[in-house]
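> For reference, the structure I am asking about is given below.
The values are calculated or read from the model by the stated rules, or taken from the named source; none is laboratory data. If you're wondering where the values come from, they're calculated on a predicted model, not measured in any experiment. Heads up, the Cβs are rebuilt from the backbone with ideal geometry, glycines too, and the neighbour counts pull from every protein chain shown.
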Amino acid sequence: MAEEFNPEEVKKACESYVKKKGALAFGLANVETLERIAPPGCGPLSMLPKTKSVLCVGVGGGTRGSWAADAKTLAYIGDTETMAYRIAYGLAFYIEAKFGYRSIFVPPDMNPEKGARVPMQSLKLHAEVAGIGARSMAGDILLHPEFGMMYYASVFTEMELPPDEPMADNPCPHPSCVTLYEQSGQTPCMRFCPVECLSGSIGEDGKVEEMNFDAHACAEMSQQYEAIPSVLLDTLDAKDPIERGMALHGPENQVIWYKLSIGAGELLSLCYECMRVCPITQTAPMANPVARGAGMRQKVVEAEAAARVEHEAEQNGVKGG
Amino acid sequence: MAYGVTQQMIDTYGETVFKLSLNKQTRRGDAVRLLDFEAIEAARAETGLTDEEIAERIGLLPEQVSVVRVFTERKHHKIDQHRRIFHLGGGKRWKKEEYSNPVERLHIRKEAMMIREALNFNPELAQRYIEKGYWINETLNGYLLEHAINTPDATAIIHPGGELTYKEFKTQVDQLTIGLMELGLGKSDIVAVQLPNILDFIVSYFAITAFGGVMQTIHMPYRDADIEFLLGHSKARAVICLPAFKEFPTADVMLGMKEKLGSLEHVITIGNNASEGAVALESLKIEGEPNIGNPPVGSDPFLLLYTSGTTSNPKGVPLTYQNMIGNARLSVPEFHMTASDRNISAAPFSHLYGLYNFHVALCAGATNILLPAFSPPDLARTIEETKATTVFLGPPHAASMINAGLMEAHDFSSVRFSMFSGSACPPQLLETYRSNIPGTKIGQLWGMTETAGATYCRDDGAEDIPLRSAGPAAPGNEVRIVSGEDGAPLPAGTEGDLQVRGSSVFPGYLDNPEANADAFTEDGWFKSGDLAIIDDDGNLTLTGRTKDVISRGGVKFNPADIEDLIIQHPKVEQAAMVPMPDPVLGEKACCFVTLLGEEKVTLDELCSLLDDKKIPKNKWPERLEIIDEMPLTPTRKVIKRRLIEKL
């Protein structure tokens, strides 16, 4: 049986842990509330039946510079969700190791039984109920008044900790967005959406009245995995050999296969034989993480210098002899 | 189908499932944040349901909902949407009006793909041409744009109605481009043009090619039958022509073609007014700058010319920018053409030679002078008035000016260089022409519709070369002489079959597999059908046509030399010899002549002349036919198949 701990102190210790690891926001969602709101089979108890607490972390997006970059660059460097996952993963271990309660890192993935639009757990719902984000006009992306857009991750634990409340106010829409809406009928997020997937209205109180989100239109642009079956079916349907080839080998589709090969690891990735036989790769002193960590570079450099002196001496000896 | 799902089930429930699913989400107010459970429950269907929830609501199995949803999602899915991400960020904001789906924007009509599919270049040679820089990414309108930006006030065109700077020329082209695009014409669509060398021809040419279209030329003398064949074969979508030409009701005939041929959609006549069913060219000139979604590139076809058809039906010759404009660009330094040159073509633009020299001047940023239709006085007067510096003409043009005394009567001193092509060039004629313009250079060019400018004299070569040859191969090209018997290459100075290979050589005939099967050797040499000799320095001299060769008892001879002698007879105007079947010898020669006057000539008289010239008897004609008119192509080549048909 786990040791007794002060829940408030444990909560503070967890917050301290995740913030040291780089989280910007931390909160706890009420399990009962989540169970009530989540669709059947999608609440915490369906995943970890004795869940008592849902701990949520929020991690900032990319650097400020990343927001100034072009979109395909931002797609790579602005996406920091894996950092949130790492922190939550560590937090689950931390709770088990430090406090002895069973915990899990909540898989941030789609439900394999329900398809691409249904998550195993709604991390957004967790974070919203935990009070570290509120739904925005932009397709319900959560926003935080201090940290803006964050990526979220959750931990379920059997340790009972005091939950937080949802945020008292919703920062969305921003007053300037309300002004633009009044002038043009659109908020900036609606106006500049490249697939026009957002629409809605703002009430006279300056709050969101209605938000419409065409998730399909959004996903067909931004989620390329959705294109794969279509690409394959288009390939089968194509009558013309060039069309058929392009369905598979068009540049944007080649990127899909590239991504797949990365996901498949060594099975579909490079063989690296060229690097295996490359003397630079194989002997570079700092390529070895052990050497990097143990201050080996100086020793290696000194050893190499000594070897050179010895070699030159041998050469001179041969010449002299 | 799985789980008892039918296509009918997908059709019936698909859109409902799609709307209820998480594909479409609506939120009213802020119910979750406010923990307003009643509102959350009330809005579940709007916020999006799982497949189980949808199944419960509409009375299908959850598994059936999944199938119905997936198939409906596929119906809605547009796989190219993610391309939009390439147009975002980095200081850019999404502007719908500035984006077009590349699949839609770059679409080419299926019918228009025919000419693109005719581009069968030898891949090894293509690689060589690119590596050597013979083929680059250049287009007709690319040069126009370059000059309009860099030398906007330089004179681009001098025509009977005035002058146009490059900037003004570009404006006119832009206007017509908009109008032609508004007709629905697009990339690789073929637009035929039957016009003389007037400004409308040139503006049309640039406008057609500006949006990626292909210009097909129709020679001015062509009438109903020829036009029907050409438009039917090319499947041109539009034709630009005169309302009428002399006695020929061009517009009416073209409108008749529109009815007859399913492919011809638009008849455009120059001027402000058009007859019913036609479009006035001027009405297509619309102010503004065209928005061209699928602009032409160097590898695109842009010209469709037809062979003159001396031996068979005309054959369609598609040419790419890399063929034709590359040939012109590479010629600029060879002719020392500069922006200060003023070039005039006596040849029609409907013919390769006319367009070739226009292109050379364009590439150099020079001025092109338009001579709407050749007449000796008009050419002489225009050269004098415009102070033309370079002249591209044929021997008959020069002969007629010389015979009329026009070269003495007009000031030709501005002409620094004259190029001859199109038919055999008698040395005496060239010498006389040159002597009339002190200090000028002359040259000969040999080319075919299939080869563009294949060989030509340089303007800094030895003085005697242009009198006897068409010079060495153009940059990017090679020529060789091979045996007509076994195709083996022959040594210098030996007459044989002329073959040419190079960056300006066409990629194969349009929709003509029979002709293509015999047009090239395996290693990419085009069989020109000409007989020629190449000297030790690589200079080419044409001696005749392989198909004109007469085989008398197995002994072959080229009748061109004999024809040249026969036209020296004082009673003979034109002469052409063709083979006639003979049961003993296989073939014998028949000579067709037209007369200079009323007095008839006899076969004996002609043979006597040849005897005097020491011509062996086996080359003498053995039958004489006197005809009123020699059948000629628009470029004044004898159509010998028509003579053979008369035998």
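> Name the single residue that is modelled with the highest pLDDT among those in the stretch A:119-133 being more than 17 Å from A:ARG36 (Cβ to Cβ) and within 11 Å of chain B (Cβ to nearest Cβ). It would help to see each step written out before you state the result.
Of all residues in the stretch A:119-133, those more than 17 Å from A:ARG36 (Cβ to Cβ) come to A:119-120, A:123, A:132-133.
Now restrict to residues that are within 11 Å of chain B (Cβ to nearest Cβ): A:119, A:133.
Numbers: A:PRO119: 89, A:GLY133: 95.
Ranking the candidates gives A:GLY133 first.
> When you scan the stretch B:151-165, how many residues do you find that are free of Cβ contacts under 8 Å to residues at least 60 places away in the same chain and not charged (D, E, K, R)?
Result for the stretch B:151-165: 5.
> Another question, if that's okay. Can you pull out every residue in the stretch B:353-380 that is more than 21 Å from B:HIS410 (Cβ to Cβ) and hydroxyl-bearing (Ser, Thr, Tyr)? Even if it seems obvious, please write down each step before you answer.
Kept after step one, since they are more than 21 Å from B:HIS410 (Cβ to Cβ), are these residues of the stretch B:353-380: B:353-356, B:358-366.
Answer for the stretch B:353-380, where residues must be more than 21 Å from B:HIS410 (Cβ to Cβ) and hydroxyl-bearing (Ser, Thr, Tyr): B:TYR353, B:TYR356.
> Please count how many residues of the stretch A:40-55 are surrounded by 18 or more Cβ atoms within 10 Å (Cβ to Cβ) and within 14 Å of another protein chain (Cβ to nearest Cβ).
Qualifying residue count, the stretch A:40-55: 2.
> Another one. More than 14 Å from B:ASN539 (Cβ to Cβ) and in contact with a Leu (Cβ under 6 Å, 6 or more places away or on another chain): does that describe B:GLY405?
On the way: more than 14 Å from B:ASN539 (Cβ to Cβ): yes; in contact with a Leu (Cβ under 6 Å, 6 or more places away or on another chain): no.
Here the answer is no, as B:GLY405 does not meet what is asked.
> Tell me which of these A:HIS216 doesn't satisfy, since it passes every other one: (1) outside any strand (DSSP E or B); (2) more than 7 Å from chain B (Cβ to nearest Cβ); (3) buried (at least 22 other Cβ atoms within 10 Å of the Cβ).
(2)
> Another question about this same structure. Within the stretch B:262-282, how many residues turn out to be crowded, with 17+ Cβ neighbours inside 10 Å and under 21 Å from B:LYS315 (Cα atoms)?
1
> Would you pick out the residues in the stretch A:72-110 that are over 23 Å from A:ILE256 (Cα atoms) and basic (Lys, Arg)?
Correct list: A:ARG86, A:LYS98, A:ARG102.
> Among what's in the stretch B:469-508 and is outside any loop (DSSP other than H, G, I, E, B) and charged (D, E, K, R), pick the residue that is farthest from B:ASN122 (Cα to Cα).
Per the criteria, the residue is B:ASP497.
> Which members of the stretch B:283-309 meet the condition of being within 20 Å of B:HIS219 (Cα to Cα) and surrounded by fewer than 19 Cβ atoms within 10 Å (Cβ to Cβ)?
Passing the criteria: only B:GLY309.
> Of B:GLU131, B:GLU104, B:GLU111, which residue is more than 30 Å from B:ALA236 (Cα to Cα) and either outside any helix (DSSP H, G or I) or without any contact (Cβ under 8 Å) to a residue 12 or more places away in the chain (or both)? Don't jump to the end; show me each part of the working.
Details: B:GLU104 fails: more than 30 Å from B:ALA236 (Cα to Cα); B:GLU111 fails: more than 30 Å from B:ALA236 (Cα to Cα).
Step by step, each of B:GLU131, B:GLU104, B:GLU111 is checked, and only B:GLU131 is more than 30 Å from B:ALA236 (Cα to Cα) and either outside any helix (DSSP H, G or I) or without any contact (Cβ under 8 Å) to a residue 12 or more places away in the chain (or both).
> Taking B:ASN101 as meeting all but one of (1) modelled with pLDDT of 90 or more; (2) of a type in the set (S, T, N, Q); (3) touching a Lys or Arg at 6+ places or on another chain (Cβ under 9 Å); (4) surrounded by fewer than 16 Cβ atoms within 10 Å (Cβ to Cβ), write down the number of the exception.
(1)
> Got a number for residues in the stretch A:56-71 being surrounded by 15 or more Cβ atoms within 10 Å (Cβ to Cβ) and part of a helix (DSSP H, G or I)?
To start, the set of residues in the stretch A:56-71 that are surrounded by 15 or more Cβ atoms within 10 Å (Cβ to Cβ) comprises A:56-62, A:66, A:69-71.
From the residues that got through so far, the ones that are part of a helix (DSSP H, G or I) too are A:66, A:71.
Final tally of qualifying residues: 2.
> Look through A:VAL195, A:VAL178 and report the one residue that is facing chain B (nearest Cβ under 10 Å), of a type in the set (Val, Ile, Thr) and farther than 30 Å from A:LEU28 by Cα. Spell out how you get there, then give the answer.
Numbers: A:VAL178 fails: facing chain B (nearest Cβ under 10 Å).
Testing whether each residue is facing chain B (nearest Cβ under 10 Å), of a type in the set (Val, Ile, Thr) and farther than 30 Å from A:LEU28 by Cα leaves just A:VAL195.
> Between A:MET159, A:MET137, A:MET150, A:MET110, which is crowded, with 19+ Cβ neighbours inside 10 Å, of a type outside the set (Asp, Glu) and within 11 Å of chain B (Cβ to nearest Cβ)? First the steps, then the outcome.
Details: A:MET159 fails: within 11 Å of chain B (Cβ to nearest Cβ); A:MET150 fails: within 11 Å of chain B (Cβ to nearest Cβ); A:MET110 fails: crowded, with 19+ Cβ neighbours inside 10 Å.
Within the list A:MET159, A:MET137, A:MET150, A:MET110, the selection yields A:MET137.
> Considering only the stretch B:620-633, state which residues are crowded, with 16+ Cβ neighbours inside 10 Å and not aliphatic (A, V, I, L, M).
Residues satisfying the conditions are B:TRP620, B:PRO621, B:GLU622, B:GLU625, B:PRO631, B:THR633.
> Ok, one more. From the residues in the stretch A:187-202 that are modelled with pLDDT of 95 or more and not hydrophobic (A, V, I, L, M, F, W, C), which one is surrounded by the most Cβ atoms within 10 Å (Cβ to Cβ)?
Of the residues in the stretch A:187-202, the ones modelled with pLDDT of 95 or more are A:199-202.
Next, from what is left, pick out any that are not hydrophobic (A, V, I, L, M, F, W, C): A:199-201.
On the way: A:SER199: 17, A:GLY200: 21, A:SER201: 14.
The qualifying residue surrounded by the most Cβ atoms within 10 Å (Cβ to Cβ) is A:GLY200.
> Search the stretch B:47-84 for residues being in contact with a strand residue (DSSP E or B) (Cβ under 8 Å, 6 or more places away or on another chain) and more than 8 Å from every other protein chain (Cβ to nearest Cβ), and hand back the single one that is nearest to A:ALA215 (Cα to Cα).
B:THR47
> What pairs come up if the first residue lies in the stretch B:262-281 and is on the phi > 0 side of the Ramachandran plot, the second is among the aliphatic types (A, V, I, L, M), and their beta carbons are under 9 Å apart, counting only those six or more places apart or on different chains?
B:GLY271/B:LEU242; B:GLY271/B:ALA280; B:GLY271/B:LEU281; B:GLY277/B:ALA251; B:GLY277/B:LEU255; B:GLY277/B:VAL267
> Just give me the residues in the stretch B:15-37 being in contact (Cβ under 8 Å) with a residue 12 or more places away in the chain and at the interface with chain A (Cβ under 7 Å from one of its Cβ atoms), in sequence order. Don't jump to the end; show me each part of the working.
Taking the stretch B:15-37 first, the residues in contact (Cβ under 8 Å) with a residue 12 or more places away in the chain are B:15-18, B:20-28, B:31.
Matches in the stretch B:15-37: B:SER21, B:LEU22, B:ASN23, B:LYS24, B:GLN25, B:THR26, B:ARG27, B:ARG28.
> Only one residue in B:ILE158, B:ILE136 is within 25 Å of B:GLU385 (Cα to Cα), not charged (D, E, K, R) and not in a helix (DSSP H, G or I), so which one is that?
B:ILE158
> Same structure again: Please determine whether any residue of the stretch A:69-84 is within 29 Å of B:THR50 (Cβ to Cβ), modelled with pLDDT under 95 and within 14 Å of chain B (Cβ to nearest Cβ).
Yes: the stretch A:69-84 contains one or more residues that are within 29 Å of B:THR50 (Cβ to Cβ), modelled with pLDDT under 95 and within 14 Å of chain B (Cβ to nearest Cβ).
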